[in-house]
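Chemist: Below: one structure in structure tokens.
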Amino acid sequence: MLTISDAVIFLDDKHVVKEMLMSEFEALLDGIVELPEFSTKQVSAVFIQIDNKLKIRGLVSFLISFTAQGLVESDWNIPFQQLLQSASRGPDLGGGKIRLVCRSQCSVPWHQHNLWDPQSEHLQVLIQAVAKNHLSIEQGDQALDGGWDVPDMGLDSDSSGQSESVVVSTAPPLGVDANIPTLGMSQSIPTLEPVVISPVPTAKNTSHSVSLEVEEEKSPPAISEAELSAMKSAYAVKVDRLQKSYDELNEKHQGVISSHQDSIASIKRQVKDKIDQVGQDFKSDLQQREQQLQALKGRLDIEQNRYSTLKEQQVEQAANSQLEREELLIQMQSDKNVGSEKIEQLQLAFKKELQSRMEAETAQANDGLAMREVELFYRDEQLALLRDDVSKLKVEKQSVITGSGNKVLSSLEDNGVTLVAFHEGVGHITIPSEDVGRYLDQRVPYLAERCQVSLDMFNSWQAHYNMPQCQYFDAEGRPCHRAIAKVELATSFKCGISDRCSDHVIKASDVG
């Protein structure tokens, strides 16, 4: 008795990479099974029908795409059985001419873009893979009849014109697992009734016909109830184990997620509380500083008003002195009989008095200006102190935030997350969580330290890396600036050698 088994084989450049029965492929389509090795790939595969003599009787070559999680794309759908029922004849692979469905030989045009054309090398690989029987297909007459409808396998009649009687058991349609019996099923396994299928003419001899006839007397004996119960029990145990394993993994996964979420939420609360506390302290200090600044501004306004008053008094006194001078001049001109000595004395006295008054007014004005300068200096000093305090508060706030952030970074580092930075000429460097603050604040010194070179050497290498030119200057200060080869690594850079051309490179004898 001839039985047919369905299987799917995945190929990669004329090599078999994976084999599975149709039940496993249906589990893959249902999302129960994943294939991470095929993530984000489109794979060439074949659906084949194999008899119990390990011969290929039908073949569908198709393309299948996978998501990043290793699952089949949701819109993928190819009806293998329907395509094979209307398929044309293909080559003889050892068990007669097969039914072949491929891109160039497909009866349904809208499925052609999901198919591909196999070459002779592919067919040889499939024949060898089926012969090795890695899928453990039962051979000979011991295979069980699954009770599915018998398709037209397209078996050619022999040269004598006698038809071959074959009992065919195919896999169920997509979505039904023929290898797992339904639990709790009490009815016996159905047996095939005699079926006669009309022949399909071939290109060689259209007069010959092929008929598939299932004879009741040749059918195997039905499976006993004990065997069926044992099969049911075995599959029930397997299903229970799989379900238990799934529940344990799901519970463990949920527990890990919950613990991580609780840890992250706790860290977030601590960081938020710390930030709120620092913000409140910063606001209170800022309010105090603003009050002090307002007080200083009030005192400054008072001093400015006082300065304005003194300036007005100085102007008024200068105007009075000018009037007195003019009056004395008028009096001197009117008193023509006064002697020259008396006039000189009066002029001298007038000059002295004017000088003393001017000195007094100038001293008073200078005192006011000096006081104003002192107040302005005091104000500037207070403003500088306030700015320093504000900067310190900002630094303290940033340090607190950075410290809390380090806790988050440490938590991420404990969970396998690392920080990697890339710099040209330095490459990828892994930054520990405790070095993140120093990397952000003092990046160049940190990179120089990681490269194990001095800061001056690192800066010289960066200047050379950004502009690889000869840095030689002649006696008149004119640069060479000839293009030279770029040194890619800071550890390989040497001042006076790597940054100069062959004509101006410093030799060891010159250095000595």
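None of the figures in this text is laboratory data; all of them are computed from the coordinates on show. Bear in mind that the values here come from a model prediction, so they are computed numbers and not experimental data. Glycine also receives a Cβ, built like all others from the backbone with ideal geometry; neighbour counts cover every protein chain displayed.
Chemist: 5 Å is the cut-off here: which amide hydrogens, built 1.01 Å from N in the peptide plane, fall below it relative to Val17, excluding neighbours closer than 5 in sequence?
Modeler: For Val17, whose amide H was placed from the backbone, the distant partners under 5 Å are Phe10, Leu11, Asp12.
Chemist: Output ³J(HN,Hα) for the range 72-77: one whole-Hz value per residue in order, computed from phi by the Karplus curve 6.51 cos²θ - 1.76 cosθ + 1.60 with θ = phi - 60°, and x for Gly and Pro.
Modeler: Running phi through 6.51 cos²θ - 1.76 cosθ + 1.60 with θ = phi - 60° gives 6, 4, 5, 8, 7, 6 Hz.
Chemist: Okay, next question. Set Lys and Arg Cβ to +1 and Asp and Glu Cβ to -1, take the dipole of the range 6-55 about its Cα centre, and tell me which of Asn52, Ser39, Ala27 lies farthest positive.
Modeler: The residue sitting most towards the positive pole is Asn52.
Chemist: Specify the inter-centroid distance of the range 112-136 and the range 338-375, based on alpha-carbon positions, in whole Å.
Modeler: Between the Cα centre of the range 112-136 and that of the range 338-375, the gap is 120 Å.
Chemist: Right, something else. Would you grab the residues whose amide H sits under 5 Å from the one on Ser88? Only those 5+ places off in sequence or on another chain, please, with H modelled 1.01 Å from N.
Modeler: HN-HN under 5 Å from Ser88: Leu100.
Chemist: Here is a follow-up. Report the Stokes-Einstein translational diffusion coefficient (µm² s⁻¹, integer) for the range 1-91, Rh taken as the Kirkwood radius over Cα pairs, at 4 °C with viscosity 1.567 mPa s.
Modeler: This corresponds to a translational diffusion coefficient of 93 µm²/s.
Chemist: Could you tell me which of the pairs Lys14/Lys55; Lys311/Lys351; Lys14/Lys97; Lys252/Lys274; Lys252/Lys272 are separated by over 26 angstrom between their Cα atoms in the structure shown?
Modeler: Too far apart for the 26 Å limit: Lys252/Lys274; Lys252/Lys272.
Chemist: Can you list the HN-Hα couplings for the range 421-432, worked out from phi with the Karplus curve (6.51, -1.76, 1.60; θ = phi - 60°), rounded to whole Hz and with x for Gly and Pro?
Modeler: Values per residue, Gly and Pro as x: 10, 10, 10, 4, x, 10, x, 7, 10, 8, 9, x Hz.
Chemist: Residue separation times 0.36 nm, minus the C-alpha to C-alpha distance between Lys297 and Thr491: what's the value?
Modeler: Taking Lys297 through Thr491 to full extension adds about 64.2 nm, to one decimal.
Chemist: Taking just the alpha carbons, could you work out the radius of gyration and Dmax for the range 221-375, both in angstroms?
Modeler: Both quantities, over Cα of the range 221-375: 50.6, 169 Å.
Chemist: Also, quick follow-up: Is there a quick way to get the dipole size of the range 270-414? I mean about its Cα centre, with the Cβ of Lys and Arg at +1 and of Asp and Glu at -1; what is the value in debye to the nearest 20?
Modeler: 340
Chemist: Give me the number: length gained by fully extending Arg241 to Ala421, i.e. 0.36 nm times residue separation minus the C-alpha to C-alpha distance, one decimal in nm.
Modeler: Length gained, Arg241 through Ala421: 60.2 nm.
Chemist: For the range 421-511, what mean projected area does the convex hull of the alpha carbons give, in nm²?
Modeler: 6.9
Chemist: For the range 343-359, what does the Karplus curve 6.51 cos²θ - 1.76 cosθ + 1.60, with θ = phi - 60°, yield as ³J(HN,Hα) per residue in whole Hz, taken in order and with x for Gly and Pro?
Modeler: With the stated coefficients, the range 343-359 comes to 5, 5, 4, 5, 5, 5, 5, 5, 5, 4, 4, 5, 5, 5, 5, 5, 5 Hz.
Chemist: Would you mind checking which residues have amide H under 5 Å from Ser5's amide H? H placed 1.01 Å from N; only 5 or more apart, or other chain.
Modeler: Ile50, Asp51
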